[in-house]
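Student: Sharing a structure here in structure tokens format.
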Amino acid sequence: MMHGHDDSRWCNPSDNESFDSILARAMSRRQVLKAGLGASLAAMFGAPLAGCASGSSGGFEQASPKFAPLPVSIADTVTVPAGYRASVLYSWGDPVSTGPAFAQDASNTAAEQLLQSGMHHDGMHYFPLPVGSENSVNGLVAVNHEYTDDGLLHVGGMVPWTAEKVAKSQAAHGVSVIEVQLAGGAWSVKRPSSFARRITASTAMGVTGPAAGSDRLRTAADDTGRAVLGTVNNCAHGVTPWGTFLTCEENFNGYFAKAAGITGEESRYGLSASGFGYRWHEFDERFDAAKHPNEFNRFGWVVEIDPYDPSSKPVKRTALGRFKHESAAVTLAPDNTVVAYLGDDERFEYIYKFVSAGKFNPGNRAANFGLLDAGTLYVAKFNADGTGRWLPLVHGQGGLTAAAGFASQADVLVLARKAADTVGATKMDRPEWIAIHPDTREVYCTLTNNSQRGTGTRPAADAANPRAANVYGHIIRWREAGADAKATAFAWDIFVQAGDPAQADAAKKGNIKGDAFGSPDGLWFDPSGILWIQTDVSTSVLGTGDYANLGNNQMLAADPVTGEVRRFLTGPKGCEVTGVITTPDRKTMFVGIQHPGETSSERSDPANPRAISSWPDGPAGGRPRAGIVVVQKLDGGTIGS
Ligand code: FEO
Ligand code: CA
Ligand code: CA
């Protein structure tokens, strides 16, 4: 989700010093390496990062994508390279299973919306059927529905505003689990399916981990602090080795309103007088933070869902901390400790990781369901010399004491941002998705942009966030000490600075080897080692200013060894491209198209819903619809081959 505004909702207002900025100015990363510290890093960590190596780093089955790259596009369609085709699978309003068909005039009721695809698809995963198999022709797709455009969602948009429209908006949030199948060369949603379900902003879910049951999570409706209704702003995602889906609650603050008396802790998480204009609190008072202040603490978590059990209750895992979760990239340490990398997408916020206390048991799926409830949450500090540390967020350590406002570990987790401020973590340029290389285990993270870096009294550029007024963003990567994901030390460098070589300002040109792009957001390594990059340049449709040459949002393929980047897919007008996964055989790729037709204002004009885009239904349709696109190679080969 990225609206066009450049306001304070995206800014960490804490004042802990942006780290080592003076040293960063004095000694660039390149100078550090020339000075020989690269060699000492190699000695410390066993091998240099791929980008620091003089030649190949080896180990890739097939890292270099092979296709003719696309030019930029401003067309209202999805474009893929020669030899590929793209088809629409599952759009907003499509029935999940036996539900009603989409009404092009948006007249579906709230009850009908509960049986249909939500809006604004984001992170997703393909789960083969049955669990544990590599079935590439029949499986489940779990996909997030991040938010709603209530100008498109309702007849008449938000006028008049009613309880029924609030219920429909809540029903269009959350997650879909659908069953998909390949037959005769074409993918379709299987209907009916016993697996199909919708999870919404009203679905009953549990709360576990150290903050569950704490005073901060108890409300008038739930004196246990362990039973929450719903999930919202489900942005990127994660997948566990035991086959569950992690959905991440990002801009949850936008749904709450508090007319007056906002506390410092509430302000740190962006609570405001009217939120982002969803207006749920007018008919559902649990979103009125003046009446129910602790409801605000029950969002901003990672939620685990078992897609294989449609009767299972989703669970909010508090051990992973409360912030504006973008993604939860899970990997295993060599000893089967579970590690989840977590980004907090707001300007000057942090990168975290969770390290489990227990170990993954590959022989007993059910035994793994509590692994995300006990462990240590860390936050990243990037040193200017190319090293870094994971700083533990543990009550009683690093100043996280009662005197500092943390009476317990529950407080540390509910107020994870404040805890990270306290231990002195590095303020980043909006961490979005995190991807882990399948062979080297190097970890890559998109830092989508931060136009406020170095402006006014805000933190200056530093080694890990090297550009002031960073409008195009960059991708950082790190390698854990000993290639062990649970290590507390790492080496890092910057994989690429995005930009447009045609810009006059040298700082805006970036250093991409290949096709230009801006605002990297979605990020995923396929099993062959190709790095897929998706973009969210919200104003691309306008074709002006910094983004004039970048066209509609897009997806690119990068070779992590050479750094070469090729444009693979372009989206329709006003969209964001977000969400990508292949089947295990890599012959099918699912790609998410979010908010086609998005305007520069917060919500579309209900009187003119097709002002910018009519994708995917074209002239016969009523309004643009987010959806999942299936990409296949015409010769039946693997994607990128
Ligand atoms: Fe929902 Fe930060 O993207
Ligand atoms: Ca974004
Ligand atoms: Ca995103």
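Student: Here is a check on your reading of the model: is residue 569 touching a residue at least 24 places away in the same chain (Cβ under 8 Å) and more than 16 Å from ligand 2 (Cβ to nearest atom)? Give the derivation first.
Tutor: Working: touching a residue at least 24 places away in the same chain (Cβ under 8 Å): yes; more than 16 Å from ligand 2 (Cβ to nearest atom): yes.
The answer is yes for residue 569.
Student: Turning to a different aspect of this structure: List every residue pair whose Cβ atoms sit under 9 Å apart, with the two residues 6 or more apart in sequence or on different chains, where the first one lies in region 323-336 and is of a type in the set (Asp, Glu) and the second, anywhere, is not in a strand (DSSP E or B).
Tutor: The qualifying pairs are 326/250; 326/345; 326/430; 335/484; 335/486.
Student: Given the condition more than 16 Å from ligand 3 (Cβ to nearest atom), assigned to a loop (DSSP other than H, G, I, E, B), out of contact with any helix residue (DSSP H, G or I) (no Cβ under 8 Å at 6 or more places or on another chain) and aromatic (Phe, Trp, Tyr), answer yes or no: does some residue in region 271-292 qualify?
Tutor: No: zero hits.
Student: Where in region 208-259 are there strands (runs of 3 or more DSSP E), lying wholly inside it, with at least 1 residues that are modelled with pLDDT of 95 or more and within 16 Å of ligand 3 (Cβ to nearest atom)?
Tutor: Working: elements: 227-229, 234-239, 245-249.
Here the list reads 234-239, 245-249.
Student: Additional query: Which pairs have Cβ atoms under 7 Å, sit 6 or more apart or on different chains, and link a residue in region 244-264 that is under 15 Å from residue 124 (Cα atoms) and in contact (Cβ under 8 Å) with a residue 24 or more places away in the chain to one that is small (Gly, Ala, Ser) and within 16 Å of ligand 3 (Cβ to nearest atom)?
Tutor: From residues that are under 15 Å from residue 124 (Cα atoms) and in contact (Cβ under 8 Å) with a residue 24 or more places away in the chain, the pairs are 246/238; 246/328; 248/236; 248/327; 248/328; 249/300.
Student: Does at least one position in region 187-203 carry a residue that is on the phi > 0 side of the Ramachandran plot and modelled with pLDDT of 95 or more?
Tutor: So far as region 187-203 goes, no, none of its residues is on the phi > 0 side of the Ramachandran plot and modelled with pLDDT of 95 or more.
Student: Of the residues that make up region 444-458, is at least one assigned to a strand (DSSP E or B) and hydroxyl-bearing (Ser, Thr, Tyr)? Walk me through it before giving the result.
Tutor: Keep residues of region 444-458 that are assigned to a strand (DSSP E or B), which gives 444-447, 450.
Next cut, hydroxyl-bearing (Ser, Thr, Tyr) only: 444, 446.
Looking for residues that are assigned to a strand (DSSP E or B) and hydroxyl-bearing (Ser, Thr, Tyr), one finds at least one in region 444-458, hence yes.
Student: Starting from region 201-228, keep only residues that are over 28 Å from residue 376 (Cβ atoms) and touching a residue at least 60 places away in the same chain (Cβ under 8 Å), then list their pairs with residues that are in a loop (DSSP other than H, G, I, E, B) and basic (Lys, Arg) whose Cβ atoms are within a distance under 9 Å, requiring at least 6 positions of separation or different chains.
Tutor: 203/313; 204/313; 220/291
Student: So residue 261 clears everything in (1) surrounded by fewer than 22 Cβ atoms within 10 Å (Cβ to Cβ); (2) farther than 23 Å from residue 330 by Cα; (3) under 19 Å from the mean Cα position of the chain (by Cα) except one condition, right? Which one?
Tutor: Tallying (1) surrounded by fewer than 22 Cβ atoms within 10 Å (Cβ to Cβ); (2) farther than 23 Å from residue 330 by Cα; (3) under 19 Å from the mean Cα position of the chain (by Cα), residue 261 fails exactly one: (3).
Student: Oh, and also: Filter region 102-115 for residues that are small (Gly, Ala, Ser), surrounded by fewer than 14 Cβ atoms within 10 Å (Cβ to Cβ) and part of a loop (DSSP other than H, G, I, E, B) and give the result. Spell out how you get there, then give the answer.
Tutor: Here is the first cut: in region 102-115, the residues small (Gly, Ala, Ser) are 103, 106-107, 110-111.
Then drop every residue that is not surrounded by fewer than 14 Cβ atoms within 10 Å (Cβ to Cβ), which leaves 107, 111.
Scanning region 102-115 gives a single hit, 107.
Student: Okay, next question. Can you say whether residue 109 is within 30 Å of residue 416 (Cβ to Cβ) and in contact with a helix residue (DSSP H, G or I) (Cβ under 9 Å, 6 or more places away or on another chain), as far as the supplied structure shows?
Tutor: Details: within 30 Å of residue 416 (Cβ to Cβ): no; in contact with a helix residue (DSSP H, G or I) (Cβ under 9 Å, 6 or more places away or on another chain): yes.
Criteria not met by residue 109.
Student: Conditions: (1) more than 20 Å from the chain's Cα centre (by Cα); (2) surrounded by 22 or more Cβ atoms within 10 Å (Cβ to Cβ). Residue 636 meets all but one. Number of the miss?
Tutor: Going through the list (1) more than 20 Å from the chain's Cα centre (by Cα); (2) surrounded by 22 or more Cβ atoms within 10 Å (Cβ to Cβ), residue 636 breaks only (2).
Student: Quick one: is residue 379 touching a helix residue (DSSP H, G or I) at 6+ places or on another chain (Cβ under 7 Å), on the phi < 0 side of the Ramachandran plot and touching a residue at least 60 places away in the same chain (Cβ under 8 Å)?
Tutor: Criteria not met by residue 379.
Student: Another question, if that's okay. Can you pull out the residues in region 310-356 that are closer than 22 Å to residue 478 by Cα and among the polar types (S, T, N, Q)?
Tutor: Hits for region 310-356 are 327, 331, 336, 337, 356.
Student: Sticking with this structure for a sec: Look through 99, 157, 118, 151 and report the one residue that is more than 15 Å from residue 196 (Cβ to Cβ), of a type in the set (Gly, Ala, Ser) and outside any helix (DSSP H, G or I). Break it down stepwise before answering.
Tutor: On the way: 99 fails: more than 15 Å from residue 196 (Cβ to Cβ); 118 fails: more than 15 Å from residue 196 (Cβ to Cβ); 151 fails: outside any helix (DSSP H, G or I).
Being more than 15 Å from residue 196 (Cβ to Cβ), of a type in the set (Gly, Ala, Ser) and outside any helix (DSSP H, G or I) holds for just one of 99, 157, 118, 151, which is 157.
Student: Then there is this: Could you identify the single residue in 556, 569, 550 that is over 23 Å from residue 477 (Cα atoms) and not in a loop (DSSP other than H, G, I, E, B)? Step through it out loud before you land on a result.
Tutor: Numbers: 556 fails: over 23 Å from residue 477 (Cα atoms); 550 fails: not in a loop (DSSP other than H, G, I, E, B).
Testing whether each residue is over 23 Å from residue 477 (Cα atoms) and not in a loop (DSSP other than H, G, I, E, B) leaves just 569.
Student: Next question, about the same structure. List, please: which pairs have Cβ atoms under 9 Å, are six or more places apart or on different chains, and start with a residue in region 116-138 that is farther than 20 Å from residue 102 by Cα and end with one that is basic (Lys, Arg) and more than 16 Å from ligand 1 (Cβ to nearest atom)?
Tutor: Cβ pairs passing all conditions: 131/365; 132/365; 136/586; 136/587; 138/190.
Student: Oh, and also: Would you check if there is a residue in region 387-408 being closer than 23 Å to residue 520 by Cα and more than 16 Å from ligand 1 (Cβ to nearest atom)? Working first, answer last.
Tutor: Taking region 387-408 first, the residues closer than 23 Å to residue 520 by Cα are 388.
From what's left, more than 16 Å from ligand 1 (Cβ to nearest atom): 388.
Scanning region 387-408, I find at least one residue that is closer than 23 Å to residue 520 by Cα and more than 16 Å from ligand 1 (Cβ to nearest atom), so the answer is yes.
Student: Would you tally the residues in region 343-357 being part of a strand (DSSP E or B), more than 16 Å from ligand 2 (Cβ to nearest atom) and in contact with a helix residue (DSSP H, G or I) (Cβ under 9 Å, 6 or more places away or on another chain)? Reasoning before the result, please.
Tutor: Taking region 343-357 as the starting set, the residues that turn out to be part of a strand (DSSP E or B) are 343-344, 347-349, 351-357.
Those still in the list that are more than 16 Å from ligand 2 (Cβ to nearest atom) too: 352-357.
Still in the list and also in contact with a helix residue (DSSP H, G or I) (Cβ under 9 Å, 6 or more places away or on another chain): 352, 354, 356-357.
Here the count works out to 4.
Student: Still on this model: Every residue in region 358-399 that is in a loop (DSSP other than H, G, I, E, B), touching a strand residue (DSSP E or B) at 6+ places or on another chain (Cβ under 9 Å) and aliphatic (A, V, I, L, M), please.
Tutor: Matches in region 358-399: 374, 393, 394.
Student: More than 16 Å from ligand 3 (Cβ to nearest atom), surrounded by fewer than 19 Cβ atoms within 10 Å (Cβ to Cβ), hydroxyl-bearing (Ser, Thr, Tyr) and within 15 Å of residue 150 (Cα to Cα): is that true of residue 600 in this structure?
Tutor: Values: more than 16 Å from ligand 3 (Cβ to nearest atom): yes; surrounded by fewer than 19 Cβ atoms within 10 Å (Cβ to Cβ): yes; hydroxyl-bearing (Ser, Thr, Tyr): yes; within 15 Å of residue 150 (Cα to Cα): yes.
Yes; evaluated as a whole, the condition is true for this residue.
Student: Which numbered condition trips up residue 484, out of (1) closer than 26 Å to residue 555 by Cβ; (2) of a type in the set (D, E, K, R); (3) surrounded by fewer than 23 Cβ atoms within 10 Å (Cβ to Cβ)?
Tutor: (1)
Student: Quick check on my filter: what residues within region 566-580 are away from ligand 1 (no atom under 14 Å from the Cβ) and not β-branched (Val, Ile, Thr)?
Tutor: 566, 567, 568, 569, 571, 572, 573, 574
The values are calculated or read from the model by the stated rules, or taken from the named source; none is laboratory data. What you see is a predicted model; the values in this text were computed from it and never measured. FYI the Cβ positions are ideal-geometry reconstructions off the backbone, even for glycines, and counts take in every protein chain you see.
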